[in-house]
């Protein structure tokens, strides 16, 4: 599976298309309050995509209950589906995760996840759309 081609959405288009919360999180590097966003308790199989550009990001098979209050995954669909940026905001150093295709803010990654990667991709559910697998 490959990621979507690089895109640069127009800010006005995003203002018209996204909710205020989606815009705040993805474009202004916001964070939804813990335990309030969509997909936290979602169990249906499918593909999580970027709410801004529809690029594939995570499969439900890599989602797990981290207890953090945000949807968490141990691995993106491909290494280039997301990109890592050093984040020194809030008087700490973290690793921000952005969409590899459109550079929108998605969340952060931490080295306290389960195996096989040991990573916790802690995502804002508001930055994601779940494309549910077709039931057979």
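Key figures for this structure:
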item	result
Test: residue in region 47-58 that is without any contact (Cβ under 8 Å) to a residue 24 or more places away in the chain and either surrounded by fewer than 15 Cβ atoms within 10 Å (Cβ to Cβ) or under 21 Å from residue 133 (Cβ atoms) (or both)	no
Considering residues of region 90-126 that are part of a loop (DSSP other than H, G, I, E, B) and in contact with a helix residue (DSSP H, G or I) (Cβ under 9 Å, 6 or more places away or on another chain) only, the residue nearest to residue 33 (Cα to Cα)	124
Near pairs, Cβ below 6 angstrom, 6+ apart or cross-chain, from region 79-96 (farther than 15 Å from residue 122 by Cβ) to any residue that is surrounded by 15 or more Cβ atoms within 10 Å (Cβ to Cβ) and modelled with pLDDT of 80 or more	80/100; 81/57; 81/100; 83/98; 83/100
Breaking point among (1) touching a strand residue (DSSP E or B) at 6+ places or on another chain (Cβ under 6 Å); (2) within 18 Å of residue 71 (Cα to Cα), for residue 100	(2)
Matching residues in region 60-83 - criterion: being assigned to a helix (DSSP H, G or I), out of contact with any strand residue (DSSP E or B) (no Cβ under 6 Å at 6 or more places or on another chain) and over 16 Å from residue 118 (Cα atoms)	80
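The values are calculated or read from the model by the stated rules, or taken from the named source; none is laboratory data. This is a predicted model, so every value here is computed, not measured. A quick note on method: Cβ atoms are made from the backbone with ideal geometry, for glycine too, and the neighbour counts reach across all protein chains shown.
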